[in-house]
Amino acid sequence: MTSHPQIPSPLEPVPQLDLAAQYAAIGGEIRTAVERVMASQQFVLGREGAALEEEIAKLCGVAHGVAVASGTDALILALRACGVQAGDEVLLPPFTFVATGSAVSALGAKPVFADIRPDTYNIDPSELERRVTPRTRAIIAVHLYGLSADTDPILAFAKARNLPVIEDNAQAIGASYKGRRIGSLGVAACVSFYPTKNLGAYGDAGMVVTNSAELAARIRTLRNHGQAEKYLSSEPGWNSRLDEIQAAILRVKLRHLSNWQRARQSHAAEYNRLFSQVPGVMPPLVPEGFEHVYHQYTIRIEQRDALHKFLSERKIGSTVYYPCPLHLQPLYSALGHKPGDFPHAERAAQEVLSLPMYPELRKEQITRVAETIAEFLKC
Ligand SMILES: Cc1ncc(COP(=O)(O)O)c(C=O)c1O
């Protein structure tokens, strides 16, 4: 690796994510789609949303999709449709975005954490046994950073106890696990189309996908004030409908998703190749039979905070997802957890760093990021 001057200001910045580059490539298609919705003057629950539901369900290899207002709503509605209610417990990993836990809390249920595996950052199936109680009502398997959780042992554990497994698939759309598409593994899967996701809307949006006609019908009702028929509500619901403009934009982007996914995978392979020469950096692990879609390319490094600063001084974007595990969030102080309760999640929170990753990233930018990290480690 070559060395660089102290602060290479003439060098072009490398952002962690560059949505403007994506818009530059597909802006024309997006504007045409938005114009089509404007011309139809149908803005909520129309043909774009219905078509998107079919297309995303097909991508995930399931029968039904129900479009909702966000990934968080998808989780709340899926949990509720599975019968989770106040006083119940739901098993989930502590190393995830807070929404996984707050969806459980929104129903008055209690999140019960099970530690992660240190190598994949996803829930450790062998931890479930220690945490399950007679009050456990569901399990959420999060596919963090674009890599599936090791779902088979989770499904076996759940089946033996008649518990539903809900996939938090906010970050791994398009990924697969042992030949099966993520989103088709549990009883339902919750997708987020938050703008920064691999398939991102131009605002908030989400979807529940499922093979169960019964769950899909219930969620369809719940997302629209509990109305199974027009102006006839059978149970309390609220407004979690997806609007047509977002659906039309997502349908345009869906046409590009597999190319974008291949680009992300090729960037990850290039990072891996460069980091194989750099001791001290642990690249993402992809177990045999798993397909990673690299929503994030996340390395692990002991001197994480110093590296984060070093990169930022050199105009290279990087982000810590996530610096505080859920069991130590002030939100959950009443649960009484303390540091040391979930050591793998806590260590990950101190050592992970997500590097620039987006389809339009160029090879020379990847080289620059890897060389800068090698330079940091030599200092
Ligand atoms: C793991 C995880 N779960 C849930 C969510 C919630 O999705 P949304 O932001 O669409 O509500 C997100 C996204 O931000 C996420 O990353």
*Can you give me the P(r) profile for the chain? Cα pairs, bins 20 angstrom wide beginning at 0, each as a whole percent.*
28, 56, 15, 0
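Please compute one quarter of the surface area of the Cα convex hull for the range 292-379 and express it in square nanometres.
On the way: hull surface 28.7 nm².
Mean projected area for the range 292-379: 7.2 nm², to one decimal.
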*When we measure straight from the Cα of residue 363, which lysines land under 19 angstrom away, once same-chain ones fewer than 8 places off are left out?*
315
*For the range 1-129, what percent of Cα pairs sit more than 20 Å apart?*
70 percent
*asked:* Would you report the distance distribution of C-alpha pairs in the range 286-337 as whole percents per 10 angstrom bin, up to the bin with the largest distance?
replied: 18, 32, 32, 17, 0
*Evaluated at 20 °C with a viscosity of 1.002 mPa s, what Stokes-Einstein diffusion coefficient in µm²/s does the range 67-212 have when Rh comes from the Kirkwood expression over alpha-carbon pairs?*
145 µm²/s
*Gaussian network model of the chain, springs between alpha carbon atoms under 10 Å - residue of 197, 110, 58 with greatest fluctuation*: 58
_Kirkwood Rh in Å, taken over the range 230-297 so that all alpha-carbon pairs contribute_ = 16.0 Å
*Alpha carbons only, please: Rg and Dmax for the range 181-277, in angstrom.*
17.9, 64
*Computed label-point distance, nm, for sites residue 214 and residue 35 using a 7 Å Cα→Cβ extension*: 4.8 nm
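With Cβ to Cβ distances under 10 Å as the rule, what net charge do the other residues near residue 93 carry (K, R +1; D, E -1)?
Numbers: positive: 117; negative: 115, 124, 127, 168.
After counting each charged neighbour, the total is -3.
Mind ranking 112, 369 by accessible surface for me, highest first, 1.4 Å probe?
Numbers: 112 20, 369 0 Å².
Ranking 112, 369 by accessible area, largest first, yields 112, 369.
What Kirkwood hydrodynamic radius, in Å, does the range 179-222 give when the mean of 1/r is taken over all pairs of distinct Cα atoms and then inverted?
Roughly 11.5 Å, rounded to one decimal.
The values are calculated or read from the model by the stated rules, or taken from the named source; none is laboratory data. Not measured: the values here are computed from a predicted model. For neighbour counting, all protein chains shown are included, and Cβ atoms are generated from backbone atoms with ideal geometry for every residue, glycine included. Just the protein is used for accessible areas: all its heavy atoms, side chains included, with ligands, DNA and RNA removed. Shrake-Rupley method; radii C 1.70, N 1.55, O 1.52, S 1.80 Å.
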